[in-house]
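Nothing in this text is a laboratory measurement; each read-out follows from the coordinates by a stated rule. Please read these numbers as outputs of a predicted model, since none were measured by experiment. Cβ coordinates were reconstructed from backbone atoms using ideal geometry, including for glycine residues, and neighbour counts include every protein chain displayed.
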């Protein structure tokens, strides 16, 4: 997507305000999705529009960073201790406990702000050292203690709930399930296919999940805005049992948005392949999603992934050092449409015999397709 100098372009979306996409390097292609699954999209709101964050304050606190959560954790308790300590000090000041040591106090041994703060902290934290305690002399002080006790229970529930929710966040489990750094295009059963790898790096395996792929294209409007188009890609066997690493396959067939693109056309095209894997964790039962994207530069034509699964005597062995390793294989350096037009076997063909005959029959009319290429089945 070419970007002109000036303000970052905006994206037309539905029922939202302006979305802006920024960039760090004007010569660098801006991605729709980063490799880690995050989106470089900035929402530009009018000043003072904080209502979506305040209306769902729990989700807002769950989504903030841990350093922000720890800051809120400490401040919520310290400020509440200071507030109620100030209340007890004002009660003692009005009742005369500060100036008259012989006066019957509202709270025993609270004659100044320091004592009031310590009593507030002991009450809310249920420490109860026994040196300071509430008396029956002031009904206002009794009401404040009651309010503080109820408030402390509510505050503990909210803070502990947010911390637990952040620790069990689905994004953490998603980091242990990953896609290969690149995708490859090669021959499978006599057809050109686009494929990429998916693996679970933890010992507790995922027993069920659904893989999806979507092609995102950018269309720049005359006004400088950008309209995005989305096309779903058909995936063979999208329901995956991820006990071992799986290879996800999209066949370049009629109806595929990549059907008419060859290796050179693909590098010059402007699209992004967004892939995702949605699954339920077997340990927590929570729904997770891992996603990444591939640009045309991330798609390697004429490559295949190296085998990483070996059969042992008692178990299967998976070598994850080979997860992103590819090797070159012979294949046609042309689009799937041209490949089929020049004599590829019919769609869904599983036999290689007719392929060889058809290639020999075409002779010199198919210089890019050899018998060796047509018999190649790459993984």
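Which ordering of 153, 193 is given by a fewest-first count of other beta-carbon atoms within 10 Å?
153, 193
Which order do 129, 294 fall in if you start with the one that has the fewest other Cβ atoms within 10 Å?
Least crowded to most crowded, the residues run 129, 294.
Across bins of 10 angstrom width beginning at 0, how are the C-alpha pair distances of the stretch 66-167 distributed, in whole percent?
Per 10 Å bin, starting at zero, the Cα-Cα P(r) for the stretch 66-167 comes out as 15, 44, 25, 12, 3, 0 percent.
Kindly provide the Kirkwood hydrodynamic radius of the stretch 179-304 in Å, to one decimal, from all pairs of distinct alpha carbon atoms.
One over the average 1/r among Cα pairs gives 15.7 Å for the stretch 179-304.
Within 10 Å, count the other beta carbons around each residue, average over each peptide in 268-274, 219-225, and list them highest first.
So the order, starting with the most tightly packed, is 268-274, 219-225.
Specify, per residue and in Å³, the volume enclosed by the convex hull of the alpha carbon atoms belonging to the stretch 292-339.
Looking at the stretch 292-339, the number lands at 135 Å³ per residue.
How do 88, 83, 117 line up, fewest other C-beta atoms within 10 Å first?
The fewest-first ordering by Cβ neighbours comes to 83, 117, 88.
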